[in-house]
Amino acid sequence: MNNSSSLLLPQKERIPVWSRKKRVIVLAGPTASSKTELSLLLAQAIGGEIISADSMQVYRGLDIGTAKATPEERALISHHMIDICDVEETYNVAQYYREATQAVREVIARDNVPIIAGGSGFYIHALLYGPPAGPPPIPEVREQLEKQIAELGVEVLYERLQMLDPEYAATISEHDQHKIVRALEIMALSEKRVSDFPKAADKEEREFDFRCWFIYYPREKLYGRIEMRCEEMIRKGFLDEVMEMESKGLRLNSSASQAIGYRQALQFLDSKRTSEDKELFLAQFKKASRHYAKRQFTWFRKEPLFRWLNIEELDLDRIKEMILQDYEQGD
């Protein structure tokens, strides 16, 4: 990790933000790391618009469990890539790349600053480097893999993926049926590992100058924040949200139904819903959220464009100023 004190830039006259139209701020971090708060501070200070990089916030109705910005916050600052499809629809990283890239272009065309904010490493990686390569799907191959999942369970196919491509398997959830099936499909059709495909940025220059930051709390502090947030989500009516979305097809969406919190909530709804069942649900929700944060740390350590900032050492106002200085003055 970088020494945060070395990131401060020398004081000099700021360049007007409109002179840096192709610069894009990317703000990543583990769950419960104050990304939303910081993105709003940045947007207010620099004339920014926020583009979500959360793979579940694209779905209408998945609000509490994805920690979406509130209606009041979204009225204050323009947000994009939120509530763009219904939960019964599928949505993938290639769609995100196309639509988020177009959103960045439109924000720049308005002379505003695009601020990418989120924790979905796969989506952010695609935005930085282009969507993952691979052959187009073949229905027969996809059908056979989905049949195997139904018969053997997603865990068995994830173990197969771990053996065939451990590097890629380490970047996704062992419950993400959609990504597991797609990875095995790519390897079956191409006879290459997913991790062997070249990044788009290796072949052509990136369209934007991405200024990338990873903000975090130390693990012990972060895990406490995560557990408190899980409890707060339940107080806000998370289980009611899941029941409503279940009636709209949540279980039919292999990615959304396996998302952190939603998977554990659906399991609780399938139980007798005793007090013991609810305690188990909360414990599993917290555990899955902590594990997700751990995977986010692992993912972004491999991303060379990101500079890391410890929020416990630097308050949000100072971090905001550092990011603004870099945006306006950095090379």
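Values quoted throughout were computed directly from the atomic coordinates according to the rules given, and no laboratory measurement underlies them. Given the structure is predicted, the values throughout are model-derived calculations rather than measurements. Note that we place each Cβ from the backbone using ideal geometry, even for glycine, and neighbour counts take in every protein chain shown.
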If you filter region 102-154 for chymotrypsin sites (Phe, Trp or Tyr not before Pro), then keep DSSP loop positions with at most 13 other Cβ within 10 Å, what is left? none
When Rg is the radius of gyration of the Cα atoms in region 117-211 and Rh is its Kirkwood radius, what does Rg/Rh come to? 1.01
Computed ³J(HN,Hα) along region 251-257: with the Karplus parameters 6.51/-1.76/1.60, θ = phi - 60°, integer Hz and x for glycine or proline, the list is 5, 7, 9, 5, 8, 5, 6
Using the membrane-span-like helix rule (whole DSSP H runs, Cα extent along the own axis of at least 20 Å, mean Kyte-Doolittle hydropathy at least -1.0), which helices of the chain qualify? 93-109
Arrange the following residues from fewest to most other Cβ atoms within 10 Å of their Cβ: M245, M163, M228. M163, M228, M245
List every residue whose amide H lies under 5 Å from the amide H of V113, counting only residues 5 or more places away in sequence or on a different chain, with H placed 1.01 Å from N in the peptide plane. G48, E49
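Sort region 39-162 into rounded, prolate or oblate with this rule: let a ≥ b ≥ c be the square roots of the eigenvalues of the Cα gyration tensor; rounded if a/c is under 1.5, and if a/c is not under 1.5, prolate when a/b is larger than b/c, oblate otherwise. List each step's numbers first, then the result.
Details: a/c = 2.68, a/b = 1.97, b/c = 1.36.
It comes out prolate by the Cα gyration axes.
Using only helices, what value at 222 nm comes out for the chain when you add -39,500 (n - 2.57) per DSSP H run of length 4 or more and divide by the total residues, to the nearest 500 deg cm²/dmol?
Values: 13 runs with 163 residues, N = 331.
Theoretical 222 nm ellipticity from helices: -15500 deg cm²/dmol.
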Contact order relative to length of region 139-196, as percent, for alpha carbon pairs under 8 angstrom and 6 or more apart: 35
Please work out the C-alpha center-to-center distance from region 46-91 to region 248-324 and express it in whole Å. 16
Calculate the dipole size of region 217-280 relative to its Cα centre from +1 charges on Lys and Arg beta carbons and -1 charges on Asp and Glu beta carbons; express the result in debye to the nearest 20. 200
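Placing unit charges on C-beta atoms (Lys and Arg positive, Asp and Glu negative, everything else neutral), compute the dipole magnitude of the chain about its Cα centre in debye, rounded to 20.
Working: 46 positive and 53 negative charges, 122 e Å.
That gives the chain a dipole magnitude of about 580 debye.
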Label region 201-255 by shape, choosing from rounded, prolate and oblate, from the square roots a ≥ b ≥ c of the eigenvalues of the Cα gyration tensor; if a/c is under 1.5 it is rounded, and otherwise prolate applies when a/b is larger than b/c, oblate when it is not. oblate
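What size of dipole, in debye to the nearest 20, comes out for region 89-181 about its Cα centre when the only charges are +1 on Lys and Arg C-beta atoms and -1 on Asp and Glu C-beta atoms?
Values: 7 positive and 14 negative charges, 77 e Å.
My answer is approximately 360 debye.
If each residue of separation counts as 0.36 nm, what is the full-extension length gain between S195 and L316 once their alpha-carbon separation is subtracted? Mind showing how you got there, number by number?
Values: separation 121, 0.36 × 121 = 43.56 nm, distance 3.57 nm.
Full-extension gain reported as 40.0 nm.
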Cβ neighbours within 10 Å, averaged per peptide: list 27-39, 275-287 in order, most packed at the top. 27-39, 275-287
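Take every Cα pair under 8 Å in the chain that's 6+ residues apart, average their separations, divide by the length, and report that relative contact order as a whole percent. Before the final figure, lay out each step's value.
Values: 441 pairs, mean separation 96.0, N = 331.
Relative contact order of the chain: 29 percent.
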